[in-house]
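Comments concern the structure below.
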Amino acid sequence: MKHEYRELKIWQKARSLNLDIYNMTITFPKEEKYELASQMKRCSVSIVSNIAEGSAFDSASNFKRYLSIALGSLVELETQLFLASDIGYISLETLEVELDKTDHFKRMIISFAKSLN
């Protein structure tokens, strides 16, 4: 039942999202380095890490639990994107683009989790 996480499209997508977040938060003010920017980066790292960690288990139920944690971190990241937009660190256009990506990614994770049995 173990999956090679590096071959999973959801893990690859999570890595891409992580890179997007790191590149985005570079533009945030210096005073945000240990605040919102740091929290956003932690969430994006949590997503990719939980997908990888869950793939190491022999049972679908364990993997699904880690996918659920990754989904929770993804929703948390979406909220932080809204906050970044609210305070003017990202434009509404960037917010919409990123939310489209996260919505698609959520569907990917949910679909993958349902396929595990």
Under a crude label model (7 Å from the Cα following the beta-carbon direction), how far is VAL75 from ASP100 in nanometres? 2.4 nm
Given all pairs of distinct Cα atoms, segment 5-115 yields a Kirkwood Rh in Å of 14.2 Å
Each label sits 7 Å from Cα toward the beta-carbon; between GLU35 and SER68 the label points are separated, in nm, by 3.4 nm
Efficiency of FRET from Cβ geometry, THR27 and SER111, R₀ 30 Å, rounded to 0.05: 0.40
Quick one: how many lysine pairs does the chain have with C-alpha atoms less than 13 Å apart and a gap of 8 or more or different chains? Give me the count, please. 7
Per DSSP, loop trypsin sites (Lys or Arg not before Pro) in segment 1-83 with at most 14 further Cβ within 10 Å: LYS2, LYS33
Can you tell me the relative contact order of the chain? Whole percent, Cα pairs under 8 Å, sequence separation 6 or more. 28 percent
To the nearest 10 degrees, how steeply does helix 92-115 sit against the main Cα axis of the chain, on a 0 to 90 scale? 10 degrees
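Readers should treat all values here as calculations from the given coordinates under stated rules, not as data from a laboratory. Here the structure is a predicted model, which is why all the values come from computation and not from measurement. Here the Cβ is made from the backbone with ideal geometry for all residues, glycine too, and neighbour counts use every protein chain on show.
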